[in-house]
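One structure is given below, encoded as structure tokens.
Computed from the coordinates by the stated procedures, all read-outs in this text should not be read as laboratory data. Nothing here was measured: the structure is a model prediction, and the numbers come from that model. Using ideal geometry, Cβ is built from the backbone for each residue, glycine included, and neighbour counts are taken over all protein chains shown.
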Amino acid sequence: MSSETIDREEGLNLQPKFDMHGLVTCVATDVATGDVLMVAHMNDEALRKTIASGEAWYFSRSRNTLWRKGETSGHIQRVVEMRVDCDQDAVWIKVEQHGAACHTGRHSCFYRAVAAGVGGTRLSLVDADRLFDPKAVYQK
């Protein structure tokens, strides 16, 4: 194992290992409940802004742009704790979620359960109540 790998895996310096697109995966969980709220991506700027501001910033792959969670909806994420995984290619943030995390208007992006059954794999709604109407919030 190289000294760079040992330092990244055991050291105390933040050394994010961005993928070929310059991104790391970020998992956001609710600090109060432990619920997984969303999975998104951060580039270097989003990571730095999150650390500096205490609010979650992400990079949208579909829009190819940086965005602060809640800048349109007002449903911000205040970061309580940030962790990186063993090789620093994934970030976990524990947040105080103000409003909904999901652009569909739900508290979490994970509002469907997967179950195998007769006739194939099915999805069922779980904790899927909408907290806001996305059509009203995200007008184009």
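Restricting the first member to region 45-66 and to residues that are surrounded by fewer than 17 Cβ atoms within 10 Å (Cβ to Cβ), and the second to residues that are part of a helix (DSSP H, G or I) and among the aliphatic types (A, V, I, L, M), the beta-carbon pairs closer than 9 Å and six or more apart or on different chains are Leu66/Ala46.
So, in region 23-37, of the ones that are in contact (Cβ under 8 Å) with a residue 24 or more places away in the chain and farther than 12 Å from Val91 by Cα, which residue ends up surrounded by the most Cβ atoms within 10 Å (Cβ to Cβ)? The residue in question is Leu37.
A count restricted to region 115-131 and to residues that are among the hydrophobic types (A, V, I, L, M, F, W, C) and outside any loop (DSSP other than H, G, I, E, B) stands at 4. In the set (1) touching a Gly at 6+ places or on another chain (Cβ under 9 Å); (2) in a loop (DSSP other than H, G, I, E, B); (3) surrounded by 12 or more Cβ atoms within 10 Å (Cβ to Cβ), Phe110 fails one condition alone, (1). The lone criterion from (1) at positive phi; (2) touching a residue at least 60 places away in the same chain (Cβ under 8 Å); (3) surrounded by fewer than 17 Cβ atoms within 10 Å (Cβ to Cβ) left unmet by Gln88 is number (3).
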